[in-house]
Amino acid sequence: GKGIAVFTSGGDSQGMNAAVRAVVRMGIYLGCKVYFIKEGYQGMVDGGDNIVEANWSSVSCIIHKGGTIIGSARCLAFKEKEGRKKAAYHLIEKGITNLVVIGGDGSLTGADLFRQEWSDLLDALLADGKITKDQREKNKTLSIAGLVGSIDNDFCGTDMTIGTDSALHRIIEATDAIVSTAYSHQRTFIMEVMGRHCGYLALVAALTSEADYVFIPEDPVPVDWPDKLCKKLMQERSAGQRLNIIIIAEGAIDREGRPITAEDVKKVVVDNLNQDTRITVLGHVQRGGNPSAFDRVLGSRMGAEAVMALMEAEEHTEPCVISLDGNQAVRLPLMECVKQTKAVAQAMAVKDWDKAVSLRGKS
Ligand code: F6P
């Protein structure tokens, strides 16, 4: 059977374990040898005990757990060709020519580069006498399937990334808790949520917590936002509301592209309205804890589909990313999705918010 390895890379997210489990079990079911690569690309570069064969029971009791049991890291060595050469050697040692990479766009881009270079890396290893001609021939093609694990939901091509739903559950628990105490004291709360340059978590958090105002990077507020914010808060209070909730994405900016922080917002509220105001920064709580049912199912489906894609891959098959389209698991060209995700970032960098939003919406 084929040699498949699965690894998680970049920031962790809930549901990654479900995906790892599905890759291992689907792989074994189809007669493959399945390996874990621990600590992401770093484990691939370091080899040794970081690359171990998995069996059916090594993924028992992990679907419930947050994070990733095989570890994740941001790896500098893999950015260098020398590092990638070492990684290639460690894979060939074990006969691994199929990779399931679970991570964000950076991790998926790294995998694509690795695949493009694969032939050169093998030639270099052959020239160094590290591998034989026979090994060179047997392992000549590297196939890749990507899964997007991130709480940010910032990847083009998939409706939901693995972890987003669980992060929203964490956020909702927190906003519900905050609302009850805010109500008692007639306070205003500013809640900062994660998402990097994506406002998805903030937007859904605002909708589900009945927030009065939300700051997201994709729809930057005009420079006179303090007036608009104060007017809205006053309007709600005079309609009888005892509290105000403001959600701010960590990547919030104004139309000039300047960051807006929770502290900036607090200052506006306190200086203009003299409201009793507190800030809650949710931080990594959002990325921890058990995965939701949705993320367990999503991770499982995506993991199984990734193995099927690798089984069907031929010499010239382009790497794919397994995406959710409506309720379907679909395979999309990895690099097109990465390119589009980068185009969103580019549009935002040049303050073309409309373009960014329309690009992000298209799969
Ligand atoms: O991409 C996931 C994420 O949690 C972002 O929402 C956040 O900006 C970032 O990672 C935090 O990174 P770190 O875990 O390195 O502090």
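Laboratory data are not the source of any read-out in this text; all were calculated from the coordinates shown. Everything quoted here is computed from the prediction, not taken from an experiment. Cβ coordinates were reconstructed from backbone atoms using ideal geometry, including for glycine residues, and neighbour counts include every protein chain displayed.
General observations
- Normalised by the number of residues in the chain, the mean separation of alpha-carbon contacts (under 8 Å, six or more apart) gives a relative contact order of 21 percent.
- Comparing 133, 65, 266 in a Gaussian network model of the chain (Cα springs below 10 Å), the most mobile by mean-square fluctuation is 133.
- Straightening the chain between residue 183 and residue 312 buys 40.8 nm, computed as 0.36 nm per residue apart minus the Cα-Cα spacing.
- Ignoring aspartates and glutamates fewer than eight residues from residue 133 along the same chain, the ones with Cα atoms less than 20 angstrom from its Cα are 93, 117, 120, 123, 315.
- Taking every DSSP bridge with both residues inside the chain, close to 20 percent are antiparallel.
- Charge context of residue 60, other residues only, Cβ under 15 angstrom, K/R +1, D/E -1: +4
- When the convex hull of its Cα atoms is viewed from all sides, the stretch 1-135 shows a mean projected area of 7.6 nm².
- Cut-off 19 Å, label 7 Å out along Cα→Cβ of residue 58, residues of the stretch 75-100 by amide N: 87-100
- Relative frequency of Cα-Cα separations exceeding 12 Å in the stretch 177-216, percent: 59
- Counted over all Cα-Cα pairs of the chain, pairs farther apart than 36 Å make up 30 percent.
- Contour minus Cα-Cα distance for residue 136 and residue 357 (0.36 nm per residue): 75.1 nm
- Two tests apply to each whole DSSP H helix in the chain, Cα reach of 27 Å or more along its axis and mean Kyte-Doolittle hydropathy of at least 0.0, and the ones passing both are 105-127, 164-185, 293-312.
- The stretch 246-338: C-alpha pair distances exceeding 20 Å, %: 63
- Cross-link pairs 232/267; 33/138; 38/65; 79/355; 33/65; 65/85 - those with Cα-Cα distance over 27 Å: 79/355; 65/85
- Note on the stretch 12-54: Rg/Rh from C-alpha atoms, Kirkwood Rh, equals 1.01.
- Residue 261 sits among other residues whose Cβ lies under 12 Å from its own Cβ, and their net charge, with Lys and Arg +1 and Asp and Glu -1, is -2.
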